[in-house]
Amino acid sequence: MTTDLDRLLLIRHFERALLDLFAKGELNGTTHTCLGQEIVPVALAPLLGPRDHVFSNHRGHGHYLARFDDPAGLLAEIMGREGAVCDGVGGSQHILREGYLSTGVQGESLPVAAGAALHLRGSGALACAYIGDGTWGEGAVYEALNLAALWSLPLLVVVEHNGIAQTTPTSLAMAGDIGARCAAFGVRHAALPADDVLEIRDRLAPLIASVRDGAPLVVEFAVNRLGPHSKGDDTRSGVADLRDWYREMVGVPGFADADARARDRVESVVRDVKARPPSTWGQDSADPRLLHGAKP
Amino acid sequence: MRVVENLNHALHEVLAADPRAFLLGEDLLDPYGGAFKATRGLSTRFPAQVVTTPISESAITGVGAGLALCGDTAIVEIMFSDFVTLAFDQIVNFAAKSVSMYGSRVPMRLIVRLPTGGGRGYGPTHSQSLQKHFIGVPGLDVYEMSPLHDNRAVFAEMIAAERPCVFFEDKILYTKRMHEVDDLFTWDLTGGLARVHVDTPPDCVIIAPGGVTHRALAAMRRLLLEQEIVCTLLVPSRLHPLDAAPLVAVAREARSVVVAEESTAGGTWGAEVAHALHRELWGVLRNPVALAHSADSIIPTASHLERAVLLTETTIYDTVLESLK
Ligand SMILES: Cc1ncc(C[n+]2csc(CCOP(=O)(O)OP(=O)(O)O)c2C)c(N)n1
Ligand SMILES: [Mg+2]
C-alpha cells in the first residue's frame, strides 16, 4: 500500500533527480521543482475524486504525482522519451491526462477552471486550480473569482504561497493580502500551514464538501520553496535554514526505509526512462503537423 | 561583445540620457537582472528608473503607455514574448491608437521588449514568434533585434520616432557575438538595412529578421560551397512599416527571393514582404517570392520534436534550392 510518506518521498526524490539530471546536462529546456511544497498535493489527493478536474501550473510535478502514480510517464514527458504522457510535446509544464491539465502561463487557468466548474456545477464534482502567490498579479484571477462567487461555482483555488515569485518577494508584488482579496468577492478563504498532512485533511474535508455544493473556496498554504525557481537561478540567501519536512522526519520510525525505497524507485525510473528512445508525436511520424509550410 | 551586452549597453544609455526614462518588468532587479540578463546592472545604477513589477503584463504595459502619454520614455519588458498576448489590448487598442485617434498626433515613447522564439526546449507557451500578430497595426512599429544592428542606434531610432514599438529579441541571439559574420562574406549597413554578401551578383536574395541571421548565414555558406549558389542576405531592423525600396533594388538583380522567419505558417511577415515585392517587381521576378518559416504547428518541448517544427538552416537551404528550380 502506498502511504502518504511514500508519496511525499517519491515527489522529493523525483524533483532531486531532475535537478541532478539538469546539472549533468541530461535534461533540455527548463523545469520548476516543488521541493519543499510536496505536502500540499499529497494532503489534497484523497479529498479529490476521479471526476474532479485539477488545473496545475508550472510547478506541477507534485500535483501530477499525487494524482497519478506515474513517475516514469512524467519523466519521459520531461525528457521527451517513449511513454511520455503527452508524447514529449508539452514537457514539464503542459500536461493533459484524465481530468488533469497544466499550463505555463500564469493566471490563465483560473477562468478555465471556472468554466470547468460551471460544467460540473450540480454534479458533486469540483474544479481545483493550483496557483502561486505571484500569480495573484494577473487580472484573470480576479475576474474568475468574481464569476465563481457570482455563479456559485464548485471551484477550489489552492494557493501555494511560498513568499516568492521567481526572484520577486511577495512584499514587492502584493499590496494587502490574499484573504482580504477573497473577502472582497465574498469568497471563503482558509489559511493553513503545510506541515501536517492529516491535520490539513481534517480542516479541509468539510470545507471541500461545501465547495461541491457550489461555495467556492480559496485555500492558502504557507510553504517554503526549497529549490531554485527553475534551475540554478536562486538569488536568495538562507534557503538552507528554511523549514523542511524531510529534515524534520529523518528520525521518525520507518522513515529511513521509506526514504530508501523512494530513492531506489526514482533511480530505477531514471535508468529506465534514460534508456528509452525518443518519443514520437502521434501515431505517424509523417504527421502533417510536422511538415514545414504544410497546409492545415 | 555578446548581443545581450550590447542590448544592456543600449538600455544603460537610454536611462542615463534621460532621468524620465523608465524600465518596467518582472524580476529585473539585481542581482538577478532579468530572466535573460538584459537588464543586469540597471536597477543598481538607476534605482529610481527601474521598476520591478508583479506578474501583470497587461497592467505594466498600460502603465508604460501612461508614462509615455505624460511625455516620459517607457520601456516594458515582457519576460517571454508569448505573454504579450496579455498586453495586446494595451498595445493595439490603447498605445497604437492614442497616437492618432484623437485627431492630432500624440507622441508616445513606449517600447515593449519581447524575448522571443524557440530552440531552447521551453515548450509551447514559451517559444513562440508572435511578430505577425503585430504587423499592420496602424501607429505601431515592429522591430527585431539583430546581431548586425547596434542596439544603441536602434533604441535611439525607436525613441526618436515617438511611436509605440514592439521590439522582438530572439533569445537565441543573446549569447551570440555582435557583428560576427562568416569570413566568406562581407557585410554593410545602410539606413536600417544590413546586407551580407559576396562580390558577385546573387542568385538568390534572402530577406530575414535579425533572429534568423545565423541560420541564414549557415545556409548561405553551404549553398555557396556545396552548390555554388550565391546569396545575399538582407536584414531589416524595422519589420513594419517596411521600407521596401532598398529590398526591391537588391531583389531586382537576383534570380529568386526567399523570405525566412521563425514564425509558424500562415499570415506571416514574409507573406507581407512577398506581396510588397510582387507589386514592385511583377514581370521582373523570374519566380514568385518563396517563404521559409516554421511548420503550421505548436512548438513542442522535446528537442527532437522542436527541431522538426522550427525553421532551421536546412529549411532555408532547401527553400533557396527550390526557389531556383
Ligand atoms: C503570464 C506569465 N508571466 C510570467 C511568467 C513567468 N513566470 C513563470 S513562473 C513565475 C513566478 C510565479 O510565481 P508564483 O505564482 O508565486 O509561483 P511559484 O513559482 O512561486 O510557485 C513567473 C514570473 C509566466 N509563466 N506567465
Ligand atoms: Mg510563489
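Looking across segment B:249-265 at every residue that is in contact (Cβ under 8 Å) with a residue 60 or more places away in the chain and either part of a loop (DSSP other than H, G, I, E, B) or more than 18 Å from residue B:238 (Cβ to Cβ) (or both), the one that is nearest to the other protein chains (Cβ to nearest Cβ) is identified as B:264. Pick out the one residue from A:294, A:258, A:262 that is at pLDDT below 95 and open to solvent by less than 60 Å² (accessible area, probe 1.4 Å). Just one listed residue meets the conditions, A:294. The residues on offer are B:15, B:67, B:86, B:11, and the sole one that is in a helix (DSSP H, G or I) and within 18 Å of the chain's Cα centre (by Cα) is B:11.
Please tell me if residue B:215 is within 14 Å of chain A (Cβ to nearest Cβ), at pLDDT 95 or above and in a helix (DSSP H, G or I). Yes: the conditions hold for residue B:215.
Those residues that are assigned to a strand (DSSP E or B) and open to solvent by less than 30 Å² (accessible area, probe 1.4 Å), I need them from segment B:101-128; list them, please. Selection gives B:110, B:111, B:112, B:113, B:114, B:115, B:116. For segment A:68-112, the tally of residues that are among the basic types (Lys, Arg) and either closer than 24 Å to residue B:310 by Cα or touching a residue at least 40 places away in the same chain (Cβ under 8 Å) (or both) stands at 1. Look at segment B:310-324: where a residue is without any contact (Cβ under 8 Å) to a residue 40 or more places away in the chain and a partner is of a type in the set (A, V, I, L, M, F, W, C), sitting 6+ places away or on another chain with Cβ atoms under 9 Å, you get B:318/B:219; B:318/B:292; B:322/B:258; B:322/B:290.
Residue B:7 meets each of the listed conditions (1) closer than 27 Å to residue A:131 by Cβ; (2) in contact with a helix residue (DSSP H, G or I) (Cβ under 9 Å, 6 or more places away or on another chain); (3) buried (at least 20 other Cβ atoms within 10 Å of the Cβ) apart from (1).
Of the residues making up segment A:143-165, just one is open to solvent by 30 Å² or more (accessible area, probe 1.4 Å), within 16 Å of residue A:106 (Cβ to Cβ) and out of contact with any Phe, Trp or Tyr (no Cβ under 8 Å at 6 or more places or on another chain), namely A:143. Going through segment A:36-62 one residue at a time, which ones are open to solvent by less than 10 Å² (accessible area, probe 1.4 Å) and in a helix (DSSP H, G or I)? Selection gives A:39, A:40, A:41, A:42, A:43, A:44, A:61, A:62. When B:131, B:90 are checked against the criterion of being within 14 Å of another protein chain (Cβ to nearest Cβ), open to solvent by 10 Å² or more (accessible area, probe 1.4 Å) and more than 16 Å from ligand 2 (Cβ to nearest atom), B:90 stands alone in meeting it.
The values are calculated or read from the model by the stated rules, or taken from the named source; none is laboratory data. Not measured: the values here are computed from a predicted model. Neighbour counts run over all protein chains shown; Cβ positions are idealised from the backbone, glycine included. What goes into the accessible areas is simple: the full protein's heavy atoms, side chains included, and nothing from ligands, DNA or RNA. Shrake-Rupley method; radii C 1.70, N 1.55, O 1.52, S 1.80 Å.
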